[in-house]
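Written below as structure tokens is the structure these notes are about.
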Amino acid sequence: MSDPWDLSGEEAPRLVDPVAGEGEGAADAALRPKRLADLAGQDRVRDQLSLVLEAARRRGAPADHVLLSGPPGLGKTTLAMIIAGEMGAPLRITSGPAIQHAGDLAAILSSLAEGEVLFLDEIHRMSRAAEEMLYLAMEDFRVDVVVGKGPGATAIPLELPPFTVVGATTRSGLLPAPLRDRFGFTGHLDYYTAGDLASILARNATLLGVESDADGIREIAGRSRGTPRIANRLLRRVRDWSQVHGHHRITREAAQEALALFDVDLVGLDRLDRAVLEALCHRFDGGPVGLTTLAVAVGEEADTVETVAEPYLVREGFMVRTPRGRAATPAAWQHLGEEPPSSPAGRFGQQPPLA
Ligand SMILES: Nc1ncnc2c1ncn2[C@@H]1O[C@H](COP(=O)(O)OP(=O)(O)OP(=O)(O)O)[C@@H](O)[C@H]1O
Ligand SMILES: [Mg+2]
């Protein structure tokens, strides 16, 4: 059997990148919980979904269409697979970018079996024509197949057996309202608590056949940015470290040593994140400073700072975006082990942060 932890084909992503690396899918898949009951965290979505699925099973009908939204790595694909599993239904997987033409979608729709779950990942990236075809199909279970070309082309309506669309998106705001309205249930996934991540990690350490201490698991959970995909990735590195050093248990020391080696600090900041904080606090006295200037100071593209480092720094309250640029919060200095300067109002230029 192949070792799901062998990621030799993986493009080294940033260790704390929430987006899956090239070739990381296999390792992800090996750790996906298969049933709702195995899912840790997202209690609300899990309970709501459980009800929706149970009701459908009792009616003996396919479940309502489900839309899953939320940041990368929180379990949308996992949930889509669980939905099919719980319904005992076959699963068809495709994604918005794979559907370039309405005809691509028509081909998929017209070959669905009754009750089949059609998982449409990145549904916000479908073409407009496909979107329109999709929401008609979702509502009426019908698709118009166009036969022929040019003036002689005719649309032949084709009845479809009832099926369930599970759409996943990181950008639900980009979905046109008519499409969004066709989903009977929308589950919004949120970042996980450290406690939930610890349950996931403990389970996965076991799956991997490695022993772990609660302290070791907690240490990894705290650095995982609320994201199971990151937690699993850190777990793999800590496991590597433990094995190479001849330890058979994931202890707190192992987690600390391994994650220090990979430059992931106590709250999950990596080298770039810390460089941004240091530049902000030390070179620009806490700001506000323009993004481009800040990026030059850390030797990165403005785009990288904005899309890679900034979201988590803002989310964790280390940095704010103000009308005059980026500014550090007192928490930034505290994280760097320093006293924040005494007049924070001056630093924010008396302006409220942008939402
Ligand atoms: N609730 C959970 N319990 C246990 N493991 C989870 C949970 N959610 C996600 N995971 C793990 O995290 C990994 C990433 O999850 P998944 O691929 O479902 O995320 P996603 O939301 O589809 O991300 P993307 O937006 O990048 O497609 C999976 O391999 C899975 O093992
Ligand atoms: Mg996914």
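Numerical summary
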{"quantity": "Residue tally, condition modelled with pLDDT under 95, under 17 Å from His65 (Cα atoms) and of a type in the set (Lys, Arg), over the range 83-141", "calculated": "0"}
{"quantity": "Subset of the range 237-277 (residues that are in a helix (DSSP H, G or I) and of a type in the set (Asp, Glu))", "calculated": "Asp240, Glu253, Glu257, Asp273"}
{"quantity": "From Arg58, Arg14, Arg46, Arg92, residue being away from ligand 1 (no atom under 13 Å from the Cβ), of a type in the set (D, E, K, R), outside the structural domain of Leu207 (by TED's automatic domain parsing) and free of Cβ contacts under 8 Å to residues at least 12 places away in the same chain", "calculated": "Arg58"}
{"quantity": "The range 132-180, residues that are crowded, with 16+ Cβ neighbours inside 10 Å, under 28 Å from the mean Cα position of the chain (by Cα) and hydrophobic (A, V, I, L, M, F, W, C)", "calculated": "Met133, Leu134, Ala137, Met138, Phe163, Val165, Val166, Ala168, Leu175, Leu179"}
{"quantity": "Residue within the range 183-193 that is in contact with a His (Cβ under 6 Å, 6 or more places away or on another chain) and over 28 Å from Tyr312 (Cα atoms) present", "calculated": "yes"}
{"quantity": "Residue that is nearest to ligand 2 (Cβ to nearest atom) [pool: residues in the range 203-222 that are over 23 Å from Gly25 (Cβ atoms) and outside any helix (DSSP H, G or I)]", "calculated": "Ser212"}
{"quantity": "Test result for Leu79, assigned to a helix (DSSP H, G or I) and within 11 Å of ligand 1 (Cβ to nearest atom)", "calculated": "yes"}
{"quantity": "Test: residue in the range 239-256 that is within 25 Å of Lys76 (Cα to Cα), more than 16 Å from ligand 2 (Cβ to nearest atom) and of a type outside the set (Gly, Ala, Ser)", "calculated": "no"}
{"quantity": "Options Arg237, Arg249; residue that is in contact with a Phe, Trp or Tyr (Cβ under 7 Å, 6 or more places away or on another chain) and on the phi < 0 side of the Ramachandran plot", "calculated": "Arg237"}
{"quantity": "Residue in the range 209-228 that is within 27 Å of Ala80 (Cα to Cα), at pLDDT below 95 and surrounded by fewer than 19 Cβ atoms within 10 Å (Cβ to Cβ) present", "calculated": "yes"}
{"quantity": "Count of residues meeting criterion [assigned to a strand (DSSP E or B) and not hydroxyl-bearing (Ser, Thr, Tyr)] in the range 51-76", "calculated": "3"}
{"quantity": "All positions within the range 17-50 that are part of a helix (DSSP H, G or I) and closer than 12 Å to Met87 by Cα", "calculated": "Leu36, Leu49, Ser50"}
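Conditions tested, residue by residue: (1) on the phi < 0 side of the Ramachandran plot; (2) outside the structural domain of Leu49 (by TED's automatic domain parsing); (3) within 16 Å of ligand 2 (Cβ to nearest atom).
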{"site": "Asp104", "(1), (2), (3)": "yes, no, no"}
{"site": "Gly115", "(1), (2), (3)": "no, no, no"}
{"site": "Leu118", "(1), (2), (3)": "yes, no, yes"}
{"site": "Arg128", "(1), (2), (3)": "yes, no, no"}
{"site": "Glu131", "(1), (2), (3)": "yes, no, no"}
{"site": "Met138", "(1), (2), (3)": "yes, no, no"}
{"site": "Lys149", "(1), (2), (3)": "yes, no, no"}
{"site": "Thr154", "(1), (2), (3)": "yes, no, no"}
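The values are calculated or read from the model by the stated rules, or taken from the named source; none is laboratory data. For clarity, every value in this text was computed on a predicted model and none was experimentally measured. Positions of Cβ are backbone-derived with ideal geometry, glycine not excepted, and every protein chain shown enters the neighbour counts.
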